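Take a look at the structure below.
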Ligand code: PMP
């Protein structure tokens, strides 16, 4: 038998040979549109800080005040000693923001997805899951005793076909990302919810990338389409600018999850200071029509310019802009050229995206300045010509 490290090295070497080896980069500054990465100044087009709140002074001040009063950790699960008035306050705030009866905090969006999907659908049920759903939804489905059936990405005809094929299951749950993290597409929730009503299915939406971004008041895909899914999941780690996840829905749903979701019951409660910062973030978002407008105008400018240059750009009008390069090595080469020019935008390759669809995944924030955007576009023009891509 090999020593453990030897055996693991063999695996890592295979990962390296396949060009899929991953490593971390060190950010030497607070999250901003321009940051020091591994000691080099880079304009960042790959963060989820869509409204620039991760470094917003109002959030920092809110966290600071509570940090001094409550300390740094909660020191217990919510059902033992970890539940504070700040957990209560932020849950009430999420519910009012998402316009649901109640909400429940989890330590991350990942754990919220896993918690919901491993708890609600039971043996004898079926989960209908979009092909491009986030890894945490997939992992939740794997933990569930229900069967999972995958439908083609945002293909409502295929979803209907699969609803017809699964009529014999006890209950049916449709689960989808609101905005898809690699393609920037928006799930057609209006059509999905009318299908769900027609076929007596429940709807679960992971609004990680839509919360704070879509809808007139930033409430997410529900507001964007004017619909009410049964379960809304979200994260604080993107537009809200902090950390943590949540589920929003009816009082009964929340009570059920509080009593049954293992990723809620057995996790330590979030630090109260982060609850306070998230509370402040939701207040800022409620007042931030201008930040959302700026974000939309930044996205429009980049998308239209790249399309005019001849690039293949996927997705709807969201802060996630996938620029398709095709070949994985060319995508990596492109990303490296961008980095040489001081722009940080990683290449995304299979298996994260389909073969032939390797891409530069740009994410845009309201904090990107016109100068930063113009420079990004100049670099795309230059590198595209240099590498004969477009
Ligand atoms: N859902 C989606 C669609 C995501 O993109 C992410 C984060 N990458 C998550 C859930 C997980 O959220 P968190 O970072 O809070 O764990």
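Values in this text are rule-based calculations from the coordinates and carry no lab data. What you see is a predicted model; the values in this text were computed from it and never measured. Every residue, glycine among them, receives a Cβ derived from its backbone with ideal geometry; neighbour counts consider all protein chains shown.
Points worth noting:
- Quarter of Cα convex hull surface for segment 27-87, i.e. mean projection, nm²: 5.9 nm²
- Peptide ranges 253-259, 161-167 listed from the most packed, as the mean C-beta count within 10 angstrom indicates: 253-259, 161-167
- Packing-based ranking of 242-248, 83-89, 104-110 yields 242-248, 104-110, 83-89, ordered from highest to lowest mean Cβ neighbour count within 10 Å.
- Taking 0.36 nm per residue of separation and subtracting the current Cα-Cα distance, fully stretching the chain between residue 164 and residue 6 would add 51.9 nm.
- Segment 1-145: C-alpha gyration tensor shape, a/c 1.5 cut-off, then a/b vs b/c: oblate
- P(r) weight above 25 Å for segment 57-286, C-alpha pairs, percent: 37 percent
- Ranked packing of 321-332, 17-28, most packed first, by mean Cβ within 10 Å: 321-332, 17-28
- Radius of gyration and Dmax over the Cα atoms of segment 251-337, both given in Å: 20.7, 54
- Computed FRET value (nearest 0.05) for residue 329 with residue 156, which takes r as the C-beta separation and R₀ as 25 Å: 0.10
- log₁₀ of I(q)/I(0) at q = 0.09, 0.11, 0.13 Å⁻¹ - the chain, Debye sum with one point per alpha carbon: -0.56, -0.85, -1.17
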